[in-house]
Amino acid sequence: MSQKKRLLLLCAVFSFSVLAAYAQPSGEKVAEKKNLRDTILGRRTLLLPDPFDAQAALSRLFPGKFYDLSTREYTNRFINWECKGCKKVVYPDINDVEESAPWPYQDGVATRLLKVLDFADATGKQYKLVSFNHSVYDADGATTGRFTGGLLGMAKFNRTDSGWRLQAFQPAIGAYGAFASCPAPKPVEIGEDQYAFLIEHFNGGAGGPFNQHDFLIAGVGGAYRQILAAYNMGLTKGEDSTCDWTSTYSVVPGGKKYFRNIVITCQGRYWAEDKEGLPEELKDKVKGKEHGTFTLVHVYEYSVQKGYQEKLPASVSVVAK
């Protein structure tokens, strides 16, 4: 048997065993964890058979204890693990958590699949982008903490004649979202066959309104990292709020082949008396008790040193009623 066939057979056997484990309901009251070697966070080589199985891929990247506690209403699959020998790193939490716990967490980690995105470039080359979420070790399968984000990680797999080969792996990037859950990334095309991944972060007090801050993650220099931070790009309607707005993305065509200029357009309603709810750009442009609608246009330009930076000032348009 050739080495190629042997490798594919081993991958298939592993995938089957993982799928079999998924089907076995856990009768344990406490979800256990497994200590992994520090090599899991370094440069990895991994080949998976076709068709691509994202959960099997995640179990190969973090081969801890897998649990499926899903119900009809809620999908809850996670991998519990720890790494006593790993170097701990503090990643930023966009919720401004003052003392973010070093990762991998001292008490262990729970890793969940977020999303799988499919891409093909102009030459027909296919790849998949797998995103996943880390939270503190789950003894009971629950994640809590409104003002704690979920730590995002990413892995890219390219399709080859031998199978799906791991091309890029970023175990952790930063923490976004709430209740230890990162929002699933959305693809944004920022150049020719070039994509960044949008994280729409919402958080706020119980009952709202919730502020929206947007972040773009992209592959730069062989690693996935944050390349744009856009704050107050949206505000949801709260129980007693008078101001709210949403945002849309567009990219300036032509000119640049990669990292094209990004335009974020915010549109919504305002009440001049609601000083705390007003976007900063409107506070000096509205007065008294007037109310109406507004449009803000933000333009971001890319630099190698700093990523995307806003070209100030933003364009402001107000229609009073």
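Couplings for the range 299-312, taken from phi via the Karplus curve 6.51 cos²θ - 1.76 cosθ + 1.60 with θ = phi - 60°, read 10, 10, 10, 8, 10, 4, 6, 10, x, 7, 10, 6, 8, 7 Hz in order; Gly and Pro are left as x.
3J(HN,Hα) along the range 59-76: 5, 6, 5, 10, x, x, 8, 8, 9, 10, 10, 5, 10, 5, 8, 8, 7, 9 Hz, from the Karplus curve 6.51 cos²θ - 1.76 cosθ + 1.60 with θ = phi - 60°, whole Hz, x for Gly and Pro.
The range 277-321 and the range 223-245 have Cα centres spaced 13 Å apart.
Computed extension gain for LYS289 through ASP140, at 0.36 nm per residue and net of the alpha carbon distance, reaches 48.5 nm. Computed from point charges on the beta carbon alone (+1 for Lys and Arg, -1 for Asp and Glu), the dipole magnitude for the chain about its Cα centre is near 1340 Debye.
The mean of 1/r over all distinct Cα pairs in the range 96-233, once inverted, gives the Kirkwood hydrodynamic radius of 16.1 Å.
Note on SER131, SER315: ascending count of other Cβ atoms within 10 Å places them as SER315, SER131, the fewest first.
A simple spin-label model places the labels of ARG269 and ASP96 2.8 nm from each other, with each point 7 Å out along Cα-to-Cβ.
Seen from a random direction on average, the alpha-carbon convex hull of the chain projects onto 19.9 square nanometres. Seen against the Cα atoms of the chain and their longest principal axis, helix 3-22 is set at about 70 degrees. On the basis of the beta-carbon distance and an R0 of 35 Å, THR123 and VAL89 show a calculated FRET efficiency of 0.45. Only beta bridges with both residues in the chain are counted; by DSSP, about 95 percent of them are antiparallel. Over the Cα atoms of the range 3-184, the radius of gyration divided by the Kirkwood radius equals 0.97; this is the Rg/Rh ratio.
No value in this document is a laboratory result; all are computed from the given coordinates. All of these numbers come straight from a predicted model, not from anything done at the bench. Quick reminder, even Gly has a Cβ in these numbers, built from the backbone with ideal geometry, and neighbours come from all protein chains shown.
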